[in-house]
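K.L.:
Starting off with a structure, shown below.
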There are 2 protein chains.
Amino acid sequence: MIGCRCPVCRSDDPRDKRTRSSIYLSMPEFKILVDTTPDLRHQALREDLDRAYAVLFTHPHADHLMGFDDLRRFCEMQGGPLPIYGSEATLAQIERTFPYAFNPAKKVPGYVHVIPHVITGPFELGGLEITPLPVPHGAVSTLGFLFSQAGRKLLVYLSDCAAVPDPIRELARGADVLIIDGLREKPHPTHLNVSGAVEAAQAIGAGQSFITHQTHEKSHVDRTQELPPGIGVAYDGMKFEFELH
Amino acid sequence: MIGCRCPVCRSDDPRDKRTRSSIYLSMPEFKILVDTTPDLRHQALREDLDRAYAVLFTHPHADHLMGFDDLRRFCEMQGGPLPIYGSEATLAQIERTFPYAFNPAKKVPGYVHVIPHVITGPFELGGLEITPLPVPHGAVSTLGFLFSQAGRKLLVYLSDCAAVPDPIRELARGADVLIIDGLREKPHPTHLNVSGAVEAAQAIGAGQSFITHQTHEKSHVDRTQELPPGIGVAYDGMKFEFELH
């Protein structure tokens, strides 16, 4: 955190270098980015990404959106506009913030250009079934996502939620991997705290669960040690492999 | 650059790791940030910044603005709203993009909160005289800045300009240091190219001049070698010391 001298912010453990929450799904023929954080360029360079055929948005808060203009590189490399997916409210907010990326009167080579797609229910991209999981996040709602393939629930991503309502727990139940908001110990009005994340993760019962969107309160090692079996801590650059059919 | 395999993007020379253009002025009792790039958090962590008492904006394009929300940390550490300075058009655009930071009905602890100040002419901050230098940047105008102290011209910063009009050259003349837009070799509609930057720098005749806002076209070493005496290449983390009176 800017200006912070705490042991976690000064840690040499790369897992304590926490950039803003985002995930990237890489299939043989399709690549999906979830959110465009202000760290997008750094994350893309670090992971050597050169493709993103679709971008999903959980919600349009600054820490999930403000790297949006860096999508220009994917438009440039892929030679066309980029489909983006989000709730109607999210897409409207993105268009208010980056109007030049939507239906530009003049298409400037090298500029970001997107085609918005409102998420109204489950949809398919690159052979994955994507089920939106609306969850409360203070005054707004965010979308989590369930990624399935051939009826198998592979991954549930719930990056920003103050609670996980029962119907969403039901949809998430039995996934291979769950990544879930677990901001800090003290309760927070718009995020699950660690004990709330643990409660929801245990109720959902994924094969493996990981908390994300953490503050600098605890180091990776210290936070990991206090969590019950089956629940770990996500970190920058963490990777999962899934067998696709 | 995202997805690029060129020798400059793959270079191990830290001077070839180019984040978005921004400068920071540190006086004993006052600190000024110029622009809030999407890289602001990374830049602030790299340089271990913990104060910014005022923020100047050259213009509100994404590569100069989208780290704005990270100003929240300076508000939090300094315990109050942050004065920001820019042209009327720039401040209006920032307010459209980040309305929650301006006169929030509900002040949320930890959120960014700014007090806008329209730049209409020279002003003073932290003992420095700041002279705005309007320069053309395609369809818009950006502000460069001349920083002086006790009548001495210390630094001229012209990060984004397609040309430097004569009255601005006159104001900049004789500064100790000039930092000037020099995007690439090929002409560009909104930026000076290298030869344009060299021509303007030689006309201005600063003690030392440095080109900035470069693409990945040439490495730091290669670009430096082709420049005439007295003109160098700015790089991330470059520092200048000035004697203040």
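No lab work stands behind these numbers, since they all come straight from the coordinates. Note that this is a predicted model, so its numbers are computed, not measured. Backbone-built Cβ (ideal geometry, glycine too); neighbour counts: all protein chains shown.
K.L.:
Scan A:Pro38, A:Pro14 and give me the residue that is in contact with a Pro (Cβ under 7 Å, 6 or more places away or on another chain) and either under 18 Å from A:His213 (Cα atoms) or surrounded by 22 or more Cβ atoms within 10 Å (Cβ to Cβ) (or both).
P.N.:
Going through A:Pro38, A:Pro14 in turn, just one is in contact with a Pro (Cβ under 7 Å, 6 or more places away or on another chain) and either under 18 Å from A:His213 (Cα atoms) or surrounded by 22 or more Cβ atoms within 10 Å (Cβ to Cβ) (or both): A:Pro38.
K.L.:
Being of a type in the set (Val, Ile, Thr), in contact with a Gly (Cβ under 6 Å, 6 or more places away or on another chain) and buried (at least 20 other Cβ atoms within 10 Å of the Cβ), is that true of even one residue in the range B:215-236?
P.N.:
Looking through the range B:215-236, none of the residues is of a type in the set (Val, Ile, Thr), in contact with a Gly (Cβ under 6 Å, 6 or more places away or on another chain) and buried (at least 20 other Cβ atoms within 10 Å of the Cβ).
K.L.:
Of all residues in the range A:100-133 being touching a residue at least 12 places away in the same chain (Cβ under 8 Å) and of a type in the set (Val, Ile, Thr), which is surrounded by the fewest Cβ atoms within 10 Å (Cβ to Cβ)?
P.N.:
The qualifying residue surrounded by the fewest Cβ atoms within 10 Å (Cβ to Cβ) is A:Val118.
K.L.:
Any chance you could count how many residues in the range B:54-70 are within 19 Å of A:Cys4 (Cα to Cα) and under 16 Å from the mean Cα position of the chain (by Cα)?
P.N.:
2
K.L.:
Determine whether B:Ser87 is farther than 23 Å from A:Thr36 by Cα, surrounded by fewer than 18 Cβ atoms within 10 Å (Cβ to Cβ) and either within 14 Å of the chain's Cα centre (by Cα) or not hydrophobic (A, V, I, L, M, F, W, C) (or both).
P.N.:
Taking the combined requirement at face value, the residue does not satisfy it.
K.L.:
So is A:Ser26 over 19 Å from A:Ala234 (Cβ atoms), under 17 Å from the mean Cα position of the chain (by Cα) and surrounded by fewer than 22 Cβ atoms within 10 Å (Cβ to Cβ) or not? Before the answer, list the steps.
P.N.:
Details: over 19 Å from A:Ala234 (Cβ atoms): no; under 17 Å from the mean Cα position of the chain (by Cα): yes; surrounded by fewer than 22 Cβ atoms within 10 Å (Cβ to Cβ): yes.
Here the answer is no, as A:Ser26 does not meet what is asked.
K.L.:
Looking only at the range A:41-56, how many residues end up being in contact with a Pro (Cβ under 8 Å, 6 or more places away or on another chain) and more than 24 Å from A:Leu158 (Cβ to Cβ)? I'd like the intermediate steps shown before the answer.
P.N.:
We begin by selecting, within the range A:41-56, every residue in contact with a Pro (Cβ under 8 Å, 6 or more places away or on another chain); these are A:41, A:53-55.
Narrowing the set further to residues that are more than 24 Å from A:Leu158 (Cβ to Cβ) leaves A:41.
Looking only at that region, the number is 1.
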